[in-house]
1. Might you check whether a residue that is within 27 Å of ALA28 (Cβ to Cβ), assigned to a strand (DSSP E or B), out of contact with any helix residue (DSSP H, G or I) (no Cβ under 9 Å at 6 or more places or on another chain) and in contact (Cβ under 8 Å) with a residue 12 or more places away in the chain occurs anywhere in the stretch 140-149?
2. Can you list residue pairs whose Cβ atoms sit under 6 Å apart, with the first residue in the stretch 88-107 being on the phi < 0 side of the Ramachandran plot and touching a residue at least 24 places away in the same chain (Cβ under 8 Å) and the second being charged (D, E, K, R) and crowded, with 24+ Cβ neighbours inside 10 Å? Count only pairs 6 or more apart in sequence or on different chains.
3. Only one of these is surrounded by 19 or more Cβ atoms within 10 Å (Cβ to Cβ) and among the small types (Gly, Ala, Ser): SER148, SER157. Name it.
4. Here is a list: ALA83, ALA90, ALA109, ALA117. Which entry is among the hydrophobic types (A, V, I, L, M, F, W, C), in contact with a strand residue (DSSP E or B) (Cβ under 6 Å, 6 or more places away or on another chain) and either at pLDDT 95 or above or closer than 16 Å to ASP185 by Cβ (or both)?
5. Would you mention how many residues in the stretch 183-219 are buried (at least 24 other Cβ atoms within 10 Å of the Cβ) and part of a helix (DSSP H, G or I)?
6. Has the stretch 60-68 got any residue that is buried (at least 21 other Cβ atoms within 10 Å of the Cβ) and either farther than 19 Å from ASP142 by Cα or modelled with pLDDT of 95 or more (or both)?
7. So is THR139 at pLDDT 95 or above, at negative phi and surrounded by fewer than 16 Cβ atoms within 10 Å (Cβ to Cβ) or not?
Amino acid sequence: MCEHARPAPMIAPSILSADFANLASEIAAVGPSSVDPGVDWVHVDVMDNHFVPNLTLGLPVVHSLLKATTIPLDCHLMIEDPARWAPPYAEAGAHNVTFHAEATDDPIAVAKDIRAAGGRAGLAIKPGTALEPYLEVLTGFDTLLVMSVEPGFGGQSFMPEVLDKVRTIRKIVDRGDLRLLVEIDGGISASTIEQAAEAGVDCFVAGSAVYSGDDPAARVAELRALATAAQSAPAGQDR
């Protein structure tokens, strides 16, 4: 099969690192500006204190965010029982709804329900979860989210060993055997985004790398430029 052209790098700031008291303005800060056309998605980390040992945002906050922005929401559900809880996020208007492979015995059924509710379906895998058992079910998904930290907390260090999974799925997608967006989440910064882009990531979730400074839009522009250069560089070329 012929190889498919990769999309331009996408940046999805995680509002887990934003000011929770001012989420609408924090999202606006990564919209179109003089230095960047604006982010592609806004990443919303939903944690239930069961699947992961932390509690964050939920569906009521997503409803409010959808009223405050036109930027597509990328909802990452780190929760138990996604069959029950994932479809309502798509029904609410979330653009992409991702749940964890480790949280369900029937990922295909959950994906079908998300798509039927109007959203794109994403499958997330933890750093220690093998990719191979899920290759067949990925035909029913729009996004694969490779976790490069253990899910549950922001600000963790990037785990480069997960990039082998990215390289594997990149080859399969490039062959045309899957139509899938490859996303990565965890420890993405100016010092790690290039190696992730070289491995084959399409969409980069970045939290503290965007929101830890005074100019989130400039941070987004910097990350996008680094990923674009790394994606277009010949394999093995030093920069």
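The values are calculated or read from the model by the stated rules, or taken from the named source; none is laboratory data. Bear in mind the structure is a predicted one, so any value in this text is a computation, not a measurement. Using ideal geometry, Cβ is built from the backbone for each residue, glycine included, and neighbour counts are taken over all protein chains shown.
1. Yes.
2. Between residues of the stretch 88-107 that are on the phi < 0 side of the Ramachandran plot and touching a residue at least 24 places away in the same chain (Cβ under 8 Å) and residues that are charged (D, E, K, R) and crowded, with 24+ Cβ neighbours inside 10 Å, the close pairs are ASN96/ASP74.
3. On the way: SER157 fails: surrounded by 19 or more Cβ atoms within 10 Å (Cβ to Cβ).
Residue meeting the stated conditions: SER148.
4. Values: ALA83 fails: in contact with a strand residue (DSSP E or B) (Cβ under 6 Å, 6 or more places away or on another chain); ALA109 fails: in contact with a strand residue (DSSP E or B) (Cβ under 6 Å, 6 or more places away or on another chain); ALA117 fails: in contact with a strand residue (DSSP E or B) (Cβ under 6 Å, 6 or more places away or on another chain).
Checking each option against the conditions leaves just ALA90.
5. So the answer is 7.
6. Yes, the stretch 60-68 contains at least one residue that is buried (at least 21 other Cβ atoms within 10 Å of the Cβ) and either farther than 19 Å from ASP142 by Cα or modelled with pLDDT of 95 or more (or both).
7. Working: at pLDDT 95 or above: yes; at negative phi: yes; surrounded by fewer than 16 Cβ atoms within 10 Å (Cβ to Cβ): yes.
When the stated conditions are applied, THR139 passes them.
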